[in-house]
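The values are calculated or read from the model by the stated rules, or taken from the named source; none is laboratory data. Since this is a predicted model, take the numbers as computed values, not measurements. Here Cβ is always computed from backbone atoms with ideal geometry, including for glycine, and neighbour counts include all displayed protein chains.
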Amino acid sequence: MPTPTGLPKAGETWAYRGQPFTVIQRTRGEYWSLRIRWTPPLPGHPVEDWLVDAPWYAARGELAYLP
């Protein structure tokens, strides 16, 4: 996934379907997942969540880097 910073890194702000989140951790491998913290927290959702198979969401245009 080509981005200004490469793959998501801990501490960066990204957006999933327009909702911003901060990356806490990215797993390794081809089908990596993200441990995230929604910013601000979403009502009814835990503060921390997993976004599994992030490359698939990025290919669909649902995952974007926020500078």
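Yes/no per residue for (1) closer than 14 Å to L7 by Cα; (2) of a type in the set (S, T, Y); (3) in contact (Cβ under 8 Å) with a residue 60 or more places away in the chain; (4) loosely packed, with under 14 Cβ neighbours inside 10 Å:
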| site | (1), (2), (3), (4) |
| --- | --- |
| Y31 | yes, yes, no, yes |
| V52 | no, no, no, yes |
| A58 | yes, no, no, no |
| Y65 | yes, yes, yes, no |
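What residue, among those in segment 36-50 that are free of Cβ contacts under 8 Å to residues at least 12 places away in the same chain and exposed (fewer than 13 other Cβ atoms within 10 Å of the Cβ), is farthest from P20 (Cα to Cα)? Even if it seems obvious, please write down each step before you answer.
From segment 36-50, those free of Cβ contacts under 8 Å to residues at least 12 places away in the same chain are 40-41, 43-47; that's our starting set.
Filter again for exposed (fewer than 13 other Cβ atoms within 10 Å of the Cβ), leaving 40, 43-47.
Numbers: P40: 8, P43: 14, G44: 16, H45: 14, P46: 15, V47: 13 Å.
By that ranking, first place goes to G44.
Got at least one residue in segment 37-50 being within 9 Å of the chain's Cα centre (by Cα) and of a type in the set (A, V, I, L, M)?
No: segment 37-50 contains no residue that is within 9 Å of the chain's Cα centre (by Cα) and of a type in the set (A, V, I, L, M).
Of all residues in segment 1-56, how many are assigned to a loop (DSSP other than H, G, I, E, B), touching a Phe, Trp or Tyr at 6+ places or on another chain (Cβ under 8 Å) and at pLDDT 90 or above?
Residues meeting the conditions: 1.
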